[in-house]
Amino acid sequence: MSATVSFQVASPHGPQSVSVDYTRVGSGEPLLLLHGIGHHRQVWEPVVDILATERDVISVDLPGFGTSPGLPSTLSYDLATTTAVFGAFCEAMELDRPHVVGNSLGGLIALELGREKLVRSVTALSPAGFWSEAERRYAFGVLLAMRHISRRLPLPLVEQLSRSAAGRTVLTSTIYARPGRRSPDAVVAETLALAGATGFDQTLDAGRTVRFADDIPGIPVTVAWGTRDRLLVRRQGVRAKQIIPRARLVRLPGCGHCPMNDDPALVARVILDGSR
C-alpha cells in the first residue's frame, strides 16, 4: 500500500516535521529500499514482488524526490541529516533495525545507516561516495545534463520516445544497460520525477565533498556493482571493499547503474542473500 508518514527530526532550530511517502508490501523481516538522486521509489518495482515473498518491503521516496515533499528550510540535504531523517523514519514506522538496500545515493545513505548501527544489514548497489575527484566531477556532470534534458523535453516528445526501445535508450541508457526492458510508462514517470525533483540541486551540492571512508564492523555488508555501470565505474567497488574489508563484493554481469531493471532475478537474489 502507498502511504505517508510524518515525524520529527532534530535541528539547531528545534524539532522539524518531515514527511515521507512510501509503499509497503510483503511479510517477513523488514527491508527498507532507498533510491538514487533524481529517481523515485518505483525504480524498485522490477524486484519488489520477488522480495515481498520473503520480506516486509518498504520502498520510500527520499525527501524532495518522487512524491515526498522537500525538507524544511531549516534542514540541510547533507548525508548526516538524511541519515537522521531515516533513523527517525524507522522509529516512526516501528522498524527495529531493518535490513536496508540502497542504489547510488541510496546506497551511500544505507552504508551510513549501517555505520550508525541503525540497521541489521546493508546491501549497496553502486553506492556513491567511493569516487576519485575526477570520477565525481564526471558523474555530477552527467547527472546535471540528465536533469537539464528532463526539464526541457516536452512531455509529448518524452511519451513518443518512450514507445520504442530506441527512444527508451535515448532517455535512460546512462543508468540502464538494457533500457529497452524498461516499460514506456516507467520511462515517462522517471523522466518526470527527475525533472520535478525539488531536492535535486541541494542534494547534489551537499555531495560535492562526500567520501565514505569508514569500516562498518559488526553487521553484514554487501556491495554490488554492475559491469556496465556508466555513471559510477565499477573500480569504485574495489575501493569500497578496501574500506569495508569484510563486505561481500558482488559483480553484476551486464547490469548498469540501476541494475534492478537490467537483471531483476539476480539483483533480488543478491538482496535476499545479503539480508539474511
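Each residue of segment 145-156 was assigned a 3J(HN,Hα) from its phi angle through the Karplus expression (A = 6.51, B = -1.76, C = 1.60, θ = phi - 60°), giving 5, 4, 4, 4, 5, 4, 7, 10, 6, x, 4, x Hz with x at Gly and Pro. Computed over the chain, relative contact order equals 21 percent, with contacts defined as Cα pairs under 8 Å that lie 6+ residues apart. By the helix-only formula, in which each DSSP H run with n ≥ 4 contributes -39500 (n - 2.57) and the sum is divided by residues, the chain has a 222 nm mean residue ellipticity of -12000 deg cm²/dmol.
Here r is the Cβ-Cβ distance between S2 and E159 and R0 is 30 Å; the resulting FRET efficiency, rounded to 0.05, is 0.80.
Using a cut-off of 15 Å between beta-carbons, work out the net charge of the residues near A265 (Lys and Arg +1, Asp and Glu -1, A265 not included).
Values: positive: R178, R181, R269; negative: E45, D49, E54, D262, D263, D273.
With Lys, Arg at +1 and Asp, Glu at -1, the neighbours total -3.
Per atom type, segment 80-169 shows carbon and sulfur on 56% of its accessible surface, probed at 1.4 Å. Spin-label pair D201-S17: with each label point 7 Å from Cα along the Cα-Cβ axis, the two points sit 2.6 nm from one another. The structure shown yields semi-axes √(5λ) of the Cα gyration tensor in Å, and of the options (1) 33, 22, 17; (2) 25, 22, 19; (3) 30, 23, 18 that calculated value carries the label (2). Per-atom-type breakdown for segment 179-243 gives carbon and sulfur 52% of the accessible area (1.4 Å probe, protein chains only). Distant-in-sequence amide contacts of R55, defined by a placed amide H-H separation under 5 Å and a gap of 5 or more residues or a different chain, comprise S27. Does a label point 7 Å from the Cα of D49, set along Cα-to-beta-carbon, have any residues of segment 181-197 with amide nitrogen under 13 Å, and which are they? Within reach of a label on D49: no residues. Using the 1.4 Å probe convention, the accessible area of segment 174-240 works out to 42 Å² per residue with neighbouring protein chains retained. As a fraction of the 1.4 Å probe accessible area of segment 4-67, surface on carbon and sulfur atoms comes out at 49 percent. Of the beta bridges in the chain, as assigned by DSSP with both residues counted there, near 35 percent are antiparallel. Simple spin-label estimate for R24 and R269 gives 3.1 nm between the two label positions (7 Å along the Cα-to-Cβ direction from each Cα). Residue by residue, segment 25-40 carries 3J(HN,Hα) couplings of 7, x, 8, x, 5, x, 9, 9, 10, 10, 8, x, 4, x, 9, 8 Hz when phi is fed to the Karplus relation 6.51 cos²θ - 1.76 cosθ + 1.60 (θ = phi - 60°); x denotes Gly or Pro.
The values are calculated or read from the model by the stated rules, or taken from the named source; none is laboratory data. From a predicted model like this one, the values you see are computed outputs, not experimental measurements. In this analysis, Cβ positions are derived from the backbone assuming ideal geometry, glycine residues included, and neighbour counts consider all displayed protein chains. Ligands, DNA and RNA are excluded from the accessible area calculation, which covers all protein heavy atoms including side chains. Shrake-Rupley method; radii C 1.70, N 1.55, O 1.52, S 1.80 Å.
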